[in-house]
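The values are calculated or read from the model by the stated rules, or taken from the named source; none is laboratory data. All values derive from a computational prediction rather than experimental measurement. Note: ideal-geometry Cβ built from the backbone for every residue, glycine included; neighbour counts use all protein chains shown.
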Amino acid sequence: MLLKEHRYTFFAGAEVHLFRIEELVRGMAVWPHRFRLRLAASAGCETKTIYGASCYEVAQKGADLIVSNAGRSERSGATQLTAPLPDPPQALQILLQESD
């Protein structure tokens, strides 16, 4: 299996995240799409794997997931939320940059 790695820096407020997105170039792996991002487990959330047709699409889905999980943990404290949350506040700035 041959993978190409893409790195994105994700800024959400004061938090900085580094996404390592893998692109399946050649091989026998069975992925639903060509790009994959694996997000590690965090407080109240389990490990997630995100697939997509483009590198930027996967990075954006990962950013959206982190923002929504941050909103859940701030609002719920130690409890688990079951209802969907509204969109993140407009003041929150999300910036994705591909690293070299």
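Return yes when Arg72 is of a type in the set (Lys, Arg) and either part of a loop (DSSP other than H, G, I, E, B) or at pLDDT below 80 (or both) and no when it is not. So Arg72 fits the description; yes.
Each row is one residue, and each column tells you yes or no for (1) exposed (fewer than 11 other Cβ atoms within 10 Å of the Cβ); (2) outside any helix (DSSP H, G or I); (3) at pLDDT 75 or above; (4) among the aromatic types (Phe, Trp, Tyr).
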residue	(1), (2), (3), (4)
Lys4	no, yes, yes, no
Val30	yes, yes, yes, no
Arg36	no, yes, yes, no
Val58	no, no, yes, no
Gly62	no, no, yes, no
Ser68	no, no, yes, no
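Checking each residue in region 13-28 for being assigned to a strand (DSSP E or B) and not aromatic (Phe, Trp, Tyr) picks out Glu15, Val16, His17, Leu18, Arg20, Ile21, Glu22, Glu23, Leu24, Val25, Arg26. The single residue among Thr47, Thr79 that is at pLDDT below 90, within 13 Å of the chain's Cα centre (by Cα) and hydroxyl-bearing (Ser, Thr, Tyr) turns out to be Thr47.
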